[in-house]
2 protein chains.
Amino acid sequence: MPNLKDVAKKAGLSINTVSRVLNNRGYISEKTREKVYRVMKEMNYQPNEMARALFRKRSNMIGLIIPTISHPFFAELTYYLEYYADHKGYKLLLCNSNRNVSKEVEYIEMLKKNQVDAIIMGSAVLDVQHYLHLDLPIVSFDRVISEDIPVVTSNNLEGGKLAARLLINKGCLHPVFIFRGIDGPQHRSMLAGQRRQGYEAEVESAGMEPLQLQLDAEGSKHIENNAAIIAYFQEHPEIDGVFASSDVIAAEVIHACYLLKKDIPSEIKIVGYDDVQIASLISPRLSTVRQPIQEMSDSIIQLVVKQIEGKEVSMVNTFPVTLVERGTT
Amino acid sequence: MPNLKDVAKKAGLSINTVSRVLNNRGYISEKTREKVYRVMKEMNYQPNEMARALFRKRSNMIGLIIPTISHPFFAELTYYLEYYADHKGYKLLLCNSNRNVSKEVEYIEMLKKNQVDAIIMGSAVLDVQHYLHLDLPIVSFDRVISEDIPVVTSNNLEGGKLAARLLINKGCLHPVFIFRGIDGPQHRSMLAGQRRQGYEAEVESAGMEPLQLQLDAEGSKHIENNAAIIAYFQEHPEIDGVFASSDVIAAEVIHACYLLKKDIPSEIKIVGYDDVQIASLISPRLSTVRQPIQEMSDSIIQLVVKQIEGKEVSMVNTFPVTLVERGTT
DNA sequence: CCCTTTATATCAACCGGTTGATACAAAACC
DNA sequence: GGTTTTGTATCAACCGGTTGATATAAAGGG
């Protein structure tokens, strides 16, 4: 690969002059400029962005840490994050933490060593202290890390209420909230926990008992979840409505119903959360609480860029959710 | 952020000595070594990997270009690619091309400027010529770019045959192959086209006509696909089996059957391709041709690393597929 | 005790760029 | 024509590291 020196030599100029052409700095004659461009094209010269980054102390890279890209929600989120990052001239470094604490620590260190300009945390199992001396712009997703780290989230409380209200309005008398361990009460700071709270509030105010079923956090194997859901349905045959904390869990619930030959929506109604592709792909199509993933991604990137540019940002960025009624209610 | 100079000053040593400790080069006394480590810990020093990369001409970054991370297949592939890359000390730079030619060109240039050590092409709509003067290790996925660029793929021909044979064995008399435009005959070099060929060969040898339905390449909107599938089923009521070129398409077919109240598997049988999460999430669970995504990802990373290290690699790497029979056949 | 090893630390050049200060020439002004 | 202004190109230092060559001191050998 040719470098500036090669270009300069071939053009009969000094390195700095060529660099000046590249950066549009100082006075350069048209003749010189054209010659430089010509030679660059001839040699197929590409500036070394690493060298530039080193000098400028700006890599234009953003580290993205999520539990796993194979989850549809994070896949869609990441798609849009990459889209908006690219628009602003940033590249995305992908990290799957699997919600593993030590992996998260390692990735944060790695990203810092690699001079990313900012980190987007979509997985956050670490304590605040780890972030204090990080000295790097961060945007958190769906979890409050600390008061001075901006967070982007959907209105989970409202989402929980919407889902509960829909089930109630459709005549459910015994709805249950089904969630993964990670989304549960033990992780208070996890904003997704508010889905549960919204659901509880609404169900209680309708004079019903807010039932819950917690699936094993690690048991992402469908079989285990499936067994747990089926067992729960058999123990509680009165259940006639489900609010699942994600569309993927809702799909598992639907499958359990299929196996138990419970008809949807006549015998049991189901509401998911997220509105990812799978929601409109399964049969019947899933009623769900829609998070505006694209807008949220846009916001995340904007917050990242603003912070990098040293501007003020708002700390809590909550996006409205909307109810999407389809075939399961 | 402290740098080597700061560490050296605080430890009362020269920069180079400290660098030697970091790199385990030359003779260093235990005392010196310990002192350096202590000071580094005290200052929370992290070496600047960009500077190291600049000198070593090795960024330890791999560029990944795929159509879109939001497709479940690429999401799972990417999950494992990141996993194995991380194991070998490489980071992944994510690029969604949307199968857009100019995007692909831009991304390739960007990756080159950013000094990635190699590129994994999961999207490849470009001509060979673009890759010729790239002068960078490449591994292609599911598409032969040129003779000297290694490719990793599943045995698509065999997969097509397996699927067709399953449908035939289960008694289908009028099976149809449904695929997206991009996977079709016009892209001969696309190995996924071989799924069709395998299917055709098997169906013909059973004395039946190999029917086909091509969905709009761009119409990734479910609605359009759905309408197309439903229309096809209404025009061809004799259809009693479907081989879909991906699990996502199979899900769309299942949904069309749900709307048309065609019972699966009694009235119509369906086989997908990939065996991604969604296959075991939909109801009934999808029979499909399984690609060994994890092993393929491992192989891709191995090919990448070998090439970076200047070793010889095999050009064609075909992985066996297996039939996974579930509820749709 | 001198000479060779062996251990330890430093000098200086380099990776591929950027940029403030500066030299030099040509054009513009009075 | 001398002086200022403006245009053009170069010098040298820097970003944060790495490394071959070299200097210096301590230990070992005869």
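FYI, it's all coordinate maths here, none of it is from the lab. Model, not experiment: these values are computed from the prediction. Reconstructed Cβ throughout: ideal geometry from the backbone, glycine too, with neighbour counts over all protein chains shown.
Given a cut-off of 23 Å, name the pairs among A:88/B:91; A:306/B:91; A:113/B:5; A:88/A:311; A:10/B:103; A:10/A:41 whose C-alpha atoms lie farther apart than that in the structure shown. The answer is A:306/B:91; A:10/B:103. Working note: Karplus 6.51/-1.76/1.60 with θ = phi - 60° gives region A:315-329 the couplings 7, 10, 10, 9, 9, x, 10, 10, 8, 10, 8, 10, x, 9, 10 Hz, where Gly and Pro are set to x.
Which is the longest part of chain A that has none of the trypsin sites (Lys or Arg not before Pro) sitting in a DSSP loop with at most 11 other Cβ atoms within 10 Å?
On the way: sites that count: A:25, A:57, A:188, A:221, A:261, A:311.
Counting only loop sites that pass the neighbour cut-off, the longest clear stretch is A:58-187.
When a/c reaches 1.5 or more, the comparison of a/b and b/c decides; with that in mind, is chain A rounded, prolate or oblate per its Cα gyration tensor? Since a/c reaches 1.5 and a/b is larger than b/c, the shape of chain A is classed as prolate.
How charged is the neighbourhood of residue A:159? Take every other residue with its Cβ under 10 Å from the Cβ of residue A:159, and add Lys/Arg as +1 and Asp/Glu as -1.
Local charge sum for residue A:159: +1.
At what distance in angstrom do the alpha carbon centres of region B:1-79 and region A:224-263 lie from each other? Taking the Cα centre of each part, region B:1-79 and region A:224-263 sit 49 Å apart. Here the 3J(HN,Hα) profile of region A:15-30, calculated from phi with Karplus coefficients 6.51, -1.76 and 1.60 at θ = phi - 60°, is 3, 5, 4, 4, 4, 5, 4, 4, 9, 6, 10, x, 8, 9, 6, 4 Hz, Gly and Pro shown as x.
If you take all other residues with their beta carbon under 12 Å from the beta carbon of residue B:64, and give Lys and Arg +1 and Asp and Glu -1, the sum is 0. Once the chain from residue B:44 to residue B:58 is taken as fully extended at 0.36 nm per residue, the excess over their C-alpha distance is 2.6 nm. Checking every one of the GluC sites (Glu not before Pro) in region B:225-300 against DSSP loop status and a limit of 15 other Cβ atoms within 10 Å picks out B:238, B:267.
Report, in deg cm²/dmol and to the nearest 500, the calculated mean residue ellipticity at 222 nm for chain A, where each DSSP H run with n ≥ 4 adds -39500 (n - 2.57) and the sum is divided by the residue count. Spell out each step's value before the answer.
On the way: 12 runs with 143 residues, N = 329.
Only helices count here, giving -13500 deg cm²/dmol.
Inter-copy label distances at residue B:15, shortest first and taken from points set 7 Å along Cα to Cβ: 1.5 nm.
Computed 3J(HN,Hα) for region B:94-103, one whole-Hz value per residue from the Karplus formula 6.51 cos²θ - 1.76 cosθ + 1.60 where θ = phi - 60°, is 8, 9, 9, 8, 6, 6, 9, 4, 5, 4, glycine and proline marked x. The C-alpha atoms of chain B define a longest principal axis, and helix B:156-169 lies at about 30 degrees to it. Among B:280, A:14, sorting on how many other beta-carbon atoms sit within 10 Å of each Cβ, with the fewest leading, yields A:14, B:280. Give the lysines reachable from residue B:269 as a straight Cα distance under 27 Å; neighbours fewer than 8 places away on the same chain don't count. Here the lysines satisfying the reach criterion relative to residue B:269 are A:221, A:261, A:262, B:161, B:170, B:221, B:261.
Using a Förster distance of 35 angstrom, determine the FRET efficiency expected from the C-beta separation of residue B:263 and residue B:311, and round it to 0.05.
For residue B:263 and residue B:311, the calculated efficiency is 0.05.
Only aspartates and glutamates eight or more places from residue A:9 in sequence, or on another chain, were considered; those with a Cα closer than 15 Å are A:42. Once backbone amide H atoms are built at 1.01 Å from N, residue B:134 has no partners under 5 Å, excluding neighbours fewer than 5 places away on the same chain. Every pair of different Cα atoms in region A:156-291 enters the Kirkwood calculation, which places the hydrodynamic radius at 14.4 Å. Axis of helix B:247-260 versus longest Cα principal axis of chain B: the two differ by about 30°, to the nearest ten degrees.
Close amide H pairs (under 5 Å, H built 1.01 Å from N) link residue B:322 with B:290, residues at least 5 positions away or on another chain. If you take the Cα centroid of region B:264-290 and the Cα centroid of region A:289-329, the two points sit 34 Å apart. Under 5 Å from the amide H of residue B:212 lie the amide H atoms of B:177, each residue being 5 or more positions distant or on a separate chain, with H modelled from the backbone and absent for Pro and chain starts. Under the classification rounded if a/c is under 1.5, otherwise prolate if a/b is larger than b/c and oblate if not, where does the protein assembly as shown fall, given a ≥ b ≥ c as square roots of the Cα gyration tensor eigenvalues? Here the protein assembly as shown falls in the oblate category. In this Cβ point-charge picture (+1 for Lys and Arg, -1 for Asp and Glu), region B:4-47 has a dipole of about 60 debye about its Cα centre. Could you tell me which of B:2, A:272, A:59 has its Cα farthest along the dipole of the protein assembly as shown towards the positive end, charges placed at Cβ (Lys, Arg +1; Asp, Glu -1), taken about the Cα centre? Result: B:2. Tell me, what is the FRET efficiency for residue A:209 and residue A:126 to the nearest 0.05, using R0 = 45 angstrom and their Cβ-Cβ distance as r? Efficiency, rounded to the nearest 0.05: 0.80.
Evaluated at q = 0.14, 0.17, 0.23, 0.24 Å⁻¹, the base-10 log of the normalised Debye intensity for region A:4-47, with identical point scatterers placed on the Cα atoms, takes the values -0.24, -0.36, -0.68, -0.74.
What is the local net charge at residue A:93, summed over the other residues whose Cβ is closer than 12 Å to its Cβ (Lys, Arg +1; Asp, Glu -1)?
After counting each charged neighbour, the total is -1.
For the protein assembly as shown, the Cβ-based charge dipole about the Cα centre amounts to some 3500 debye (Lys, Arg positive; Asp, Glu negative; other atoms uncharged).
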